[in-house]
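The values are calculated or read from the model by the stated rules, or taken from the named source; none is laboratory data. Remember, it's a predicted structure, so these values are computed and weren't measured experimentally. Quick reminder, even Gly has a Cβ in these numbers, built from the backbone with ideal geometry, and neighbours come from all protein chains shown.
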Amino acid sequence: MTANNSEIERKNPFLMPYDTPYGATPYDRITLEHYIPAIKEGIKKEEEIIESICNSKEKPTFGNTIAALDYAGLMLGDIIGAFNAVANACSNDEILAIEEEMQQLYVAHKNNITLNESLFARVKAVYESDNSCLTTEQRRLLEQTYNSFVRNGANLTGEERNEYRALTERLATLAIRFQENCIKDTDAYTLHIIDKADLDGIPEDVVDAARNNAKENGQEGWLFTLHRPSYLPFITFCRNRELRKQMYMAYDTIGAKGNEYDNCGIVKEIVNCRLKLARLLGYNTNSDYILSERMAQNTDAVFSMLGKLTWSYMPTARKEIEEVTAFAKNSEDEDFDFQPWDFAYYSERLKEQKFNLTDEMVRPYFELNQAIYGAFYLATRLYGVTFKQNHDIPLFTPDAKVWEVYDYDGTYLALLYCDFYARKGKHAGAWMDSIKPQYKETTGVDHRPHITLSTNYRKPMPGKPTLLNHDEFNTLMHEFGHCLHGILSNVTYPSLCSPNVLWDFVEMPSQIMENFATEEEFLQHFAFHHKTGDNIPAETLQKIQEARTFNAGYQCIRQVRLGLLDQAWHNISQPFDGNVLEYEHTATEALKVLPHIAGTGITTNFGHIMSGGYSAGYYSYKWAEMLDADAFARFKEEGIMNMDVAQSFRDEILSKGDSEHPMTLYMRFRGHKPQIEPLLERDGIKTICPHL
């Protein structure tokens, strides 16, 4: 029997003091029925604080208006952070329903804040006052708060306000439905193999996982899925070309199969709603609206960067494709019709031949627990922070683990939750998130963050280790970089804490960590064979380093193509009502390096731009690559383990959050504006655009 609402509220763990270490979320006492009542209570509490701000008879000041408003939503934010960890880790129909209701409540609540005329009048009064006495961080918060109100409709009047509410609430619903369709369409497809001969070429641990998957589903043989730990090794290693094609077609039509999970209609509505919203706020396109609050600032800068990268990388990309195609024809016959489902397979075979390097040669040296130790070792060596596993803190999923993080002087810094394994219902990819932010009370008490790190590694069979290939280790380093950004945050106001920075800066602290993944000075401390304990051989490491630029041109052009596709969807100036996949193909045809297959595309599964925070901002990954390559050049110049350089990076980048403009922070660390040459050099690119 379900408890009534009053009983749920009375016993709701969110509404009682947490009797857990470090105020950790008491997941062992929280059930799904607790979330919506808690959200409503969090909204109520913030509304009460805002009402007191608006009704104050005191003259509006930074303290009684801007700072008070920034602290007002902490309870609500913690509840949402706690729920997001669960929703991302193990979604199902009940969780999706809660997520949709929660989003509707939250968007309506945020609209009530930014469209509150009395509140905006006080914010505007502070903004237009003499603020010379404010600290740099306070001026940044004031500026960001005022701009947030303006960008979220505060200057709208009359019917425009109602239209703004309707559009934002509809977009929140559409984003959830888009992601829901992606998850369900991914989960719906399986490739059931009965004939063992069809497994030829696939690594043993992948085959074992597929057998176990079939067994768990009451089937004989082997069951492969579209989840990345299953799909990627299958498309890369399976010798059966017809089966590779089947998997490719299923994966590249996620959200576009014309079934109940089809996203084409949702895509149209999303981009059209975003266009209407941008127009309502005085911008010509959604891209203009988004980029006005980015480091790039406008579409000209984005297209300029994408154009320069295309000019520099395309000759290399074409040569790489020609080489892989020729290799495939030589392996098969001259009449071999090279197709996209062949690229990963023959590219991997060519890489093996050129560098005498395979994933199976690398995996034994990157056992997951040792890889985690390696990441922790690097954080200790660079920043002096240490990690201690806690077995008593409640978890949002049984697969997760949690570590306490301490500074070099023993001061507690954060909780780090790690959830490494793929499972049905878990969001695809890898990510970092915050359950609780870092901030300081006016009394000086420092509230430390609770951070999550999630990946989708293949869960090992009982008694066997999880062995990572080098790309998977790169992913761990990348997300751990995001985590360090959050862990080392040292700001006063919650909305400015790391990693709440401009979207085209947020990837830099994560991507810089990937540079260490090929450095011997780092790897020699943890990359040991999981059975023998031997160090990774020098010749294997050299091969990894040499192979780093393999297909660098292709990979860059692929990212540029995705950035261009993102801009194509968000630079429309008229409502879109065409064919989604045909538009995608037309918009990106100039960057096509592999044959186009009708009916396939990425838009309907492009969660970054349709349901995530990267609309009109996917270029950020390449922008951040330029930043991270240039920043790491300083580490290379002065020593990759140089603690003075690391301390400077911590002080000027990681700890600062959004307390200053990122370009100011970057130049303070690097001594100059970011330069693109280190990125080209790292990728082995010789054809440098003369206008770079």
Which listed residue, of 40, 59, is closer than 30 Å to residue 157 by Cβ and in a loop (DSSP other than H, G, I, E, B): 59
Segment 34-53 - residue that is among the aliphatic types (A, V, I, L, M) and over 13 Å from residue 75 (Cα atoms) and, of those, surrounded by the most Cβ atoms within 10 Å (Cβ to Cβ): 53
Index of the failed condition, residue 445 passing every other in (1) within 19 Å of the chain's Cα centre (by Cα); (2) surrounded by fewer than 18 Cβ atoms within 10 Å (Cβ to Cβ); (3) not acidic (Asp, Glu): (1)
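Identify, from the list 181, 112, 162, 213, the residue that is under 30 Å from residue 349 (Cα atoms) and not in a loop (DSSP other than H, G, I, E, B).
On the way: 181 fails: under 30 Å from residue 349 (Cα atoms); 112 fails: under 30 Å from residue 349 (Cα atoms); 162 fails: under 30 Å from residue 349 (Cα atoms).
Matching residue, one of 181, 112, 162, 213: 213.
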Residue in segment 647-656 that is touching a Pro at 6+ places or on another chain (Cβ under 9 Å), without any contact (Cβ under 8 Å) to a residue 12 or more places away in the chain and of a type outside the set (A, V, I, L, M, F, W, C) present: no
Options 118, 129: the member that is small (Gly, Ala, Ser) and closer than 23 Å to residue 658 by Cα: 129
Which listed residue, of 490, 474, is of a type in the set (S, T, N, Q), surrounded by fewer than 24 Cβ atoms within 10 Å (Cβ to Cβ), in a helix (DSSP H, G or I) and in contact (Cβ under 8 Å) with a residue 24 or more places away in the chain: 474
Unique residue being within 29 Å of the chain's Cα centre (by Cα) and either outside the structural domain of residue 26 (by TED's automatic domain parsing) or over 24 Å from residue 16 (Cβ atoms) (or both) when the list is 82, 87, 72, 67: 67
Selection status of residue 70, out of contact with any Lys or Arg (no Cβ under 8 Å at 6 or more places or on another chain), at pLDDT 95 or above, crowded, with 17+ Cβ neighbours inside 10 Å and not hydroxyl-bearing (Ser, Thr, Tyr): yes
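Give the residues of segment 358-410 that are among the β-branched types (Val, Ile, Thr), part of a helix (DSSP H, G or I) and buried (at least 18 other Cβ atoms within 10 Å of the Cβ), sorted by residue number. Don't jump to the end; show me each part of the working.
Narrowing segment 358-410 to residues among the β-branched types (Val, Ile, Thr): 358, 362, 372, 380, 385-386, 393, 397, 402, 405.
Still in the running and part of a helix (DSSP H, G or I): 362, 372, 380.
Across segment 358-410, the qualifying residues are 362, 372.
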Pair list, Cβ < 7 Å and 6+ apart or interchain, from segment 159-170 residues that are under 19 Å from residue 610 (Cα atoms) to residues that are among the basic types (Lys, Arg) and surrounded by 17 or more Cβ atoms within 10 Å (Cβ to Cβ): 167/276
First in segment 575-586 and closer than 10 Å to residue 264 by Cα, second anywhere and among the hydrophobic types (A, V, I, L, M, F, W, C) and buried (at least 18 other Cβ atoms within 10 Å of the Cβ), Cβ under 6 Å, 6 or more apart: 580/267
Any hit, segment 24-32, residues being crowded, with 16+ Cβ neighbours inside 10 Å, under 25 Å from residue 137 (Cβ atoms) and modelled with pLDDT of 95 or more: no
Test: residue in segment 170-188 that is among the aromatic types (Phe, Trp, Tyr), crowded, with 19+ Cβ neighbours inside 10 Å and under 30 Å from residue 229 (Cβ atoms): yes
Search result, residues across segment 420-454 that are assigned to a loop (DSSP other than H, G, I, E, B) and of a type in the set (Val, Ile, Thr): 442, 443, 445
Test: residue in segment 446-453 that is at pLDDT below 95 and hydrophobic (A, V, I, L, M, F, W, C): no
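How many residues are among the charged types (D, E, K, R) and not in a helix (DSSP H, G or I) when one looks only at segment 187-210? Step through it out loud before you land on a result.
Of segment 187-210, the ones among the charged types (D, E, K, R) are 187, 195-196, 198, 200, 204-205, 208.
If we keep only those that are not in a helix (DSSP H, G or I) as well, we get 195, 200.
Final tally of qualifying residues: 2.
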Residue list for segment 278-332, restricted to those being under 30 Å from residue 167 (Cβ atoms), over 23 Å from the mean Cα position of the chain (by Cα) and not in a helix (DSSP H, G or I): 281, 282, 283, 284, 285
Those residues of segment 529-577 which are farther than 16 Å from residue 469 by Cβ and over 29 Å from the mean Cα position of the chain (by Cα), in sequence order: 531, 532, 533, 534, 535, 537, 538, 539, 542, 574, 577
Hits in segment 395-422 - residues which are in contact (Cβ under 8 Å) with a residue 60 or more places away in the chain and over 24 Å from residue 212 (Cα atoms): 395, 396, 402, 404, 405, 412, 413, 414, 415, 416, 417
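Right, residue 337: assigned to a loop (DSSP other than H, G, I, E, B) and either free of Cβ contacts under 8 Å to residues at least 60 places away in the same chain or within 28 Å of the chain's Cα centre (by Cα) (or both) or not? Steps first, answer last, please.
Details: assigned to a loop (DSSP other than H, G, I, E, B): yes; either free of Cβ contacts under 8 Å to residues at least 60 places away in the same chain or within 28 Å of the chain's Cα centre (by Cα) (or both): yes.
Yes; evaluated as a whole, the condition is true for this residue.
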Subset of segment 498-543 [in contact with a helix residue (DSSP H, G or I) (Cβ under 9 Å, 6 or more places away or on another chain), of a type in the set (D, E, K, R) and in a helix (DSSP H, G or I)]: 514, 520, 543
